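In what follows, a structure is listed as structure tokens, so that the remarks can point back to it.
The values are calculated or read from the model by the stated rules, or taken from the named source; none is laboratory data. Remember, it's a predicted structure, so these values are computed and weren't measured experimentally. Cβ atoms come from the backbone with ideal geometry, glycine included; neighbour counts cover every protein chain shown.
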Amino acid sequence: MRNQKYLILILLASLLTGCLRGRPLPEAGAKASLFEATPTALLQKGEGSDALEKALVTQSGFPAYPTPLPTFLVSAVQLGVTPQATVSSPAGTPTVTTTLPSPTVVSPTATPIPPTSTPTAVAYTYLVQPGSPVYMVNYANASGCGWQGIAGQVFDDSGSPVLNLVVRAAGTWNGTTSNLLGMGLTGSALAYGTGGYEIQLGATAVNSTGTVTVQLFDLAGKALTSKVAVNTYADCGKNLVIVNFIRQAAGYEYFVPMSLQTATP
């Protein structure tokens, strides 16, 4: 602001001098006084320039010669442009390679074969004597019709009675189901013979069809016959069931197929 005042005073002084002299200021001198770093004298020597310079100098703080115009720096205009970051891979950066795992081939699992039933022939040494069973009135005890059971004898292959064998009754009778409805020992019921046995099922006569079975065992529990199914009757004339067993003759065996579970390897 102060420099501008100085410039205005210089211009006024130059104009005043020109007017006094009656001629315009030299063009070259005006340009030099405004833009040159080293000022050019406004008046020629001998034409009163010394008096004018002295008059200007006497002004408070006013220089004898014009000073160069100050240089103004214009602030850069900040534009609203968002710089885009450029990402460049540095030299030597290792390349990451993703390796997918190889697919795993799963072989089908073989389905295990369940155990199969293999028929096995079981040899029994005794058979039901031909003609058995026989249904008849209870004659061997005093219970009469208030009794129902199974009885008989066991013979060897020559027809002689066999002692100390077990006859067991099982199945369902009169609403009861059991693996042991009754049991008798050969040679203990002499009313039926030397090798006689007797099994009491209950104190009443009932009907059943094939739900009661009898089987012969030795004292070690080995089965000597297959299970033999018998019927029972509510008739007092048939409340006793006679079942006899006989041993097979030498050289002859009676085979009954049985199913046993065997695991397949």
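Remarks
- Of the strands (runs of 3 or more DSSP E) lying entirely inside the stretch 176-265, the ones with 3 or more residues being at pLDDT 95 or above and of a type outside the set (Gly, Ala, Ser) are found at 176-185, 196-202, 208-217, 228-232, 240-242, 245-247.
- Restricting attention to the stretch 208-222 and to residues that are buried (at least 17 other Cβ atoms within 10 Å of the Cβ) and not β-branched (Val, Ile, Thr), the residue that is farthest from residue 172 (Cα to Cα) turns out to be 216.
- Out of 205, 142, 191, one residue alone is of a type in the set (Gly, Ala, Ser), surrounded by 19 or more Cβ atoms within 10 Å (Cβ to Cβ) and farther than 17 Å from residue 224 by Cα. It is 205.
- Checked against the criterion of being within 28 Å of residue 248 (Cβ to Cβ) and part of a loop (DSSP other than H, G, I, E, B), the stretch 143-157 contains one or more residues that satisfy it.
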